[in-house]
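To start, the structure itself, in structure tokens.
The values are calculated or read from the model by the stated rules, or taken from the named source; none is laboratory data. Treat the numbers as computed from the prediction; the structure is a model and nothing was measured. Every residue, glycine as well, gets a Cβ built from its backbone with ideal geometry; the counts of neighbours run over all protein chains shown. Accessible surface is based on the protein model in full, side chains and every heavy atom, while ligands, DNA and RNA are left aside. Shrake-Rupley method; radii C 1.70, N 1.55, O 1.52, S 1.80 Å.
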Amino acid sequence: MLPEPIQNLIFALERLPGIGPKTASRLAFYLLRAPEEISGSLAEALTDLKTKIAFCQECFNITVAGRERCEICESGQRDGSVICVVEEPLDILSIERIGAYQGKYHVLQGVINPIEGIGPDDLKIRPLLERIRRGGVLEVILATDPTMEGDATAQYLHPRLKALGVHVTRLARGLPVGGDLEYADQNTLLRALSGRQEMG
Amino acid sequence: MYLTHLSLTNFRNIARLDLDIPRRVVLLTGANAQGKTSVLEAIYFLAAFASFQTSAERQLINTLAVSAAAEAERAKDGGRIAVARIVAQFRDNQDQRAHRLEVRLVLEPVGPVNGQRLRKEVLLDGVKRQVNDAVGHFNAVLFIPQMSQIIEGGPDERRRYLNLTLAQVFPGYAHALSAYTKAIEQRNALLKMLSERGGDADQLEPWDRLLAEHGSKLIHWRIQAIQELEREAARVHHRLTRGAEVLRLAYDPAYDPSPRPGRQMSLKMDAPVDRSGLKREEIEKGFLERLAQARPEEIARGVTTVGPHRDEMRFLANSVDLGDYGSRGQVRTALLSLKLAEVEWMKTRTGRTPVLLLDEVLAELDLQRRADLLAYVDGTEQALLTTTDLHLFTPEFVKDANVWEVEGGVVRTQKEE
């Protein structure tokens, strides 16, 4: 009953994560009424996203198209002997925000998840192993999420990295800073307890 | 521990219910299909966060509330969710404090086409908790005649019974169980992929580890629990049968961590295996090795064949398997022994007396066992019983109890005195 162009837009928006049919139609009608430059710049940004963005050939983080390697990989300031392995490019953003990590990264672009048919070959695991074989890496930090799939991916990587003679570490897990012991869930508390550390 | 207040909203056929609950014994009477059992079901839900009756938990929400929500949805009124609510206040005799436990069962729409999802929300003393963390704060033991399925039914009935009971007692059991179940699902998906399309079998390694880590916890707890339950149940059973029967609970784990001397399979029934000395770490190690051995077969079949998801437990009276050869009467008595043992076991393990919930159990028992059970109930901290027929009880028992009438989802409290 709606004209096709607007119906198409609603369907396209609905496919996005976190957007339901109601939000999709609200957005579509907003764009219909809004000045043309708003929809124009949105359309442009969407096209650029695919044409002007590429993946770094070294660490598979996102980077500007035309560049082979991302800023972090190219930087002479970063310590190439430490690689932090993460699931998604967004994870790099979080770690960069702390400003305390000086090493390099490797983005797996997902985690092992047999139910969804994702195996090691669907991730950037082989390039990681090749990267380490080229030498110069001393430590690999496994920073996959503390979910079952993230843990399984770390478990899968561990012996394979070890075999290449690098030091393998996993991000610590436990209580959030400023958290309250009383309200921590059992699982987190248990892990924090088993991963307790000697006081310095 | 005992309940002091219960309030239900849209739970089964009960639209709204508010009850102050006294200690000791409450007798719920009334004709069938009036809501007696629903009250017990709601209370048990606070202990297990699962229903004993239905695996389709959306049926717990009042059908009128569900259709009203659907109506509102059609009329585009907004309010398109149906909620059932169980709120209880109880006193914990261990920490000497009053607590408030609230469960909301929310049926909410997903996607544009009539999809619905049931969400459970749990609040303990006003703080939202994960179901796995909330279990074990309120304890109840439930006894309904259909529970003879624990003895007579398939192994999945016994595993379900073990899971619901052990989760109440061992903190961490519910977590380990859901992690184990999730790991099994992933591992089975991978095994299926490997069996259909081939591939690197070493991919199983991380899932084997997760399975062994969580599975070994389950096995370790089940060994302890079954042994302790057996000790109690045997004692009760001896008394109930006036010494005529010896009741045994035999744990028969799919992955058996105890070394079997000489592989004398025929001795399995008569010779009890003592696994109580095993450490969890040893079980984990052995389980991992067993998974490695089973790997070729599991890849061929595309499914995980060993582990606690295939465990079995058997009930033996004088060395005869009650599941196969028990008479109706024998099974009923064994079930009664098991349930009373459960109460004692929970008491010992948690330091708290569970609330006892008995649904129409008297009609199934002979006079002697009836008297035994009533004597037991009389001595417990709090018990709620349902019956269609007050004459099954002795006049003294009825006189001492609080007798409430349930009709059409409404409870009328008519206190004596």
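Structure notes:
- Under 14 Å from the Cα of B:Lys285 - aspartates and glutamates, other chains or at least 8 residues apart: B:Glu205, B:Asp208, B:Glu213, B:Asp256
- Where a label projected 7 Å from the Cα of A:Phe55 along Cα→Cβ would reach, residues of segment A:90-114 with amide N under 11 Å: A:107-110
- Cleavage-rule hits, GluC sites (Glu not before Pro), segment B:199-258, DSSP coil, Cβ neighbours within 10 Å at most 13: none
- Rounded to the nearest 0.05, the FRET efficiency derived from the C-beta distance between B:Glu282 and B:Val106 at R0 = 25 Å is 0.05.
- Between B:Arg209, B:Arg117, B:Arg160, the GNM of chain B built on Cα springs shorter than 10 angstrom shows B:Arg117 fluctuating the most.
- In chain A the Cα-Cα distances spread across 10 Å bins starting at 0 as 7, 25, 27, 22, 14, 5, 0 percent of all pairs.
- Were the residues from A:Arg33 through A:Ile115 laid out at 0.36 nm apart, the gain over their Cα-Cα distance would be 25.2 nm.
- Mean residue ellipticity (222 nm) of chain A, computed from DSSP H runs ≥ 4 via -39,500 (n - 2.57), nearest 500: -13000 deg cm²/dmol
- Label point distance in nm, B:Arg349-A:Leu16, each placed 7 Å from Cα along Cα→Cβ: 5.0 nm
- Multiplying each eigenvalue of the alpha-carbon gyration tensor of the protein assembly as shown by 5 and taking the square root yields semi-axes of 52, 35, 22 Å, largest first, rounded to whole angstroms.
- 17 Å reach of a label modelled at A:Arg133, 7 Å along Cα-to-Cβ, counting backbone N of segment B:198-230: none
- Here the relative contact order of chain A, from alpha carbon pairs under 8 Å that lie six or more residues apart, stands at 13 percent.
- Chain B: antiparallel DSSP beta bridges as a percent of all, rounded to 5: 75 percent
- Sites A:Leu164 and B:Gln59, calculated FRET efficiency, Cβ-Cβ separation with R0 41 Å, nearest 0.05: 0.15
- Percent RCO, i.e. relative contact order, over chain B, from Cα pairs under 8 Å lying at least 6 residues apart: 25 percent
- As a ratio to 2.2 N^0.38 Å, the alpha-carbon radius of gyration for chain B is 1.07.
- Among the listed pairs B:Lys182/B:Lys217; A:Lys22/B:Lys120; A:Lys124/A:Lys162, a Cα-Cα separation exceeding 20 Å is found for A:Lys22/B:Lys120.
- Taking only alpha carbon atoms, segment B:153-351 gives an Rg to Rh ratio of 1.01, where Rh is the Kirkwood radius.
- For segment B:303-345, the residues whose backbone nitrogen is under 14 Å from a point 7 Å from the Cα of B:Asp252, taken along Cα to Cβ, are B:310-317, B:319-326.
- With every protein chain in place, segment A:4-51: carbon and sulfur % of accessible area (1.4 Å): 63 percent
- Per residue, the solvent-accessible area of the protein assembly as shown (1.4 Å probe, heavy atoms of protein chains only, all protein chains present) comes to 51 Å².
- Qualifying lysines (Cα of each under 22 Å from Cα of B:Lys339; at least 8 residues distant if same chain): B:Lys36, B:Lys347
- Listed residues B:Leu373, B:Ala383, B:Leu291: farthest to the positive end of the dipole of segment B:260-391 (Cβ charges): B:Leu291
- Spatial offset of segment B:206-248 relative to segment A:46-113 amounts to 52 Å, using the alpha carbon center of each.
- Amide hydrogen proximity for A:Ile118: with H placed 1.01 Å from N in the peptide plane, the residues at 5 or more positions away or on another chain lying under 5 Å are A:Asn113.
- Most fluctuating residue given options B:Val106, B:Val343, B:Val169, as computed from a GNM of chain B linking Cα atoms under 10 Å: B:Val106
- In the B-A interface, the accessible area buried, summed over both sides, Å² (probe 1.4 Å): 1900 Å²
- Considering only A:Gly195, A:Gly76, A:Leu138, the residue lying farthest towards the positive end of the dipole of chain A is A:Leu138, judged by Cα position with unit charges set on Cβ.
- Distance between the modelled labels on B:Glu405 and B:Gln94, one decimal in nanometres: 4.0 nm (7 Å Cα→Cβ projection).
- Those residues of segment A:148-189 for which accessible area with every protein chain present is at least 30 Å² below the isolated value (1.4 Å probe): A:Met148, A:Glu149, A:Ala152, A:Gln155, A:Tyr156, A:Arg160, A:Tyr183, A:Asp185, A:Gln186, A:Asn187
- Counting only DSSP beta bridges whose two residues both lie in segment A:77-198, roughly 5 percent are antiparallel.
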